[in-house]
Amino acid sequence: MHYLNLSISIGLLSLLLTACEKKPTEPEHSEKNKDTDVEKTVEAPPEPATAPDSSITYDEDDDMDYVGSSSQQKPEPIPEPEPEPEPPTPQELLAQAAIERTMYTVIYDGRYVKIDYPMGDVPAYMGVCTDVVIRSLRRLNIDLQKQVHEDISANFSKYPNQKRWGLKRPDKNIDHRRVPNLRVFFERHGEILPITDRGADYKPGDIVTWNLDAVKTHIGIVSEQRVDDIDEERYLIVHNIGEGPVLEDMLFAFDITGHYRYPLQTAVVKP
């Protein structure tokens, strides 16, 4: 009987010792600081980063600028505007006005006609070589009739009116339509240029005079259109020698007596 009680006592003691040795279960995701015995929560691991959406692209110049879906192409850069062409010079405007004269039908007729003053003109259907120059300058709002008349009136002896035609006073109807008078006027108020045998020396808008023979004189304007031959530096001439205003390669066809460039800084093309 004593042995039975002893066995039971030993069994109970073993159970008690086993229960004491078992550690208590600690809270999940927590631990105590070994130094302070303060409990702290263990943070859960961060979730994996989400992969960028391939349907969105960004501007290379600014990572924050939204461009659009990957199917949309980056817009092409806007091209720089081409520079504006240089406006024609006054001399080029005169050359263009002279070529314009070739579009009109004009009968060669040099008779004396009483005309208005200023800005007077003979009837449009008639004219001579000087009328090509007069009308071309008038297209630029330059009244050669008025300018020549005023200069002859103030300097009558410097012009060949009296010696050549026996005139004793200026005549606003005809003075500006005579080549010898225009030569004196351009020498007095224009630039006198060298007379050479090089076509390149005669530029568009230049005014040239010739002697056709011992008596007859002629005048024309250098155009912008080059001669289509070996001499690429020579320009065609607008003149009227009997067939109305024409564009011809005749710069060196006669003896040149004058080469002028008239100042046209204030020239304005009339509408």
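Throughout, read-outs are computed from the coordinates displayed, never taken from laboratory work. Since the model is a prediction, treat every value here as computed from it, not as a measurement. No Cβ is skipped: glycine too gets one built from the backbone with ideal geometry, and neighbour counts run over all protein chains shown.
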- Taking the stretch 90-261 as the region of interest, what is the percent of Cα-Cα pairs per 5 angstrom bin, listed from the shortest bin to the one with the maximum distance? 1, 9, 18, 22, 22, 15, 8, 3, 1, 0
- Taking a crude spin-label model, label points 7 Å out from Cα along the C-beta direction, the Glu248 to Ser157 distance in nm is 4.0 nm
- Message: Could you give the length gained by full extension between Val215 and Asp255, i.e. 0.36 nm per residue of separation minus their alpha carbon distance, to one decimal place?
- Response: 13.1 nm
- Loop-only check: which GluC sites (Glu not before Pro) in the stretch 180-232 are DSSP coil with at most 11 other Cβ within 10 angstrom? Glu232
- Determine one quarter of the surface area of the Cα convex hull of the stretch 114-162, which equals its mean projected area, and express it in nm² to one decimal. 4.0 nm²
- Message: With 10 angstrom as the radius, rank Lys158, Lys74 by how many other C-beta atoms surround their C-beta, starting from the fewest.
- Response: Lys74, Lys158
- Query: Suppose R0 equals 30 Å; then what is the FRET efficiency for Asp121 and Arg164 from their Cβ-Cβ distance, rounded to the nearest 0.05?
  - Reply: 0.80
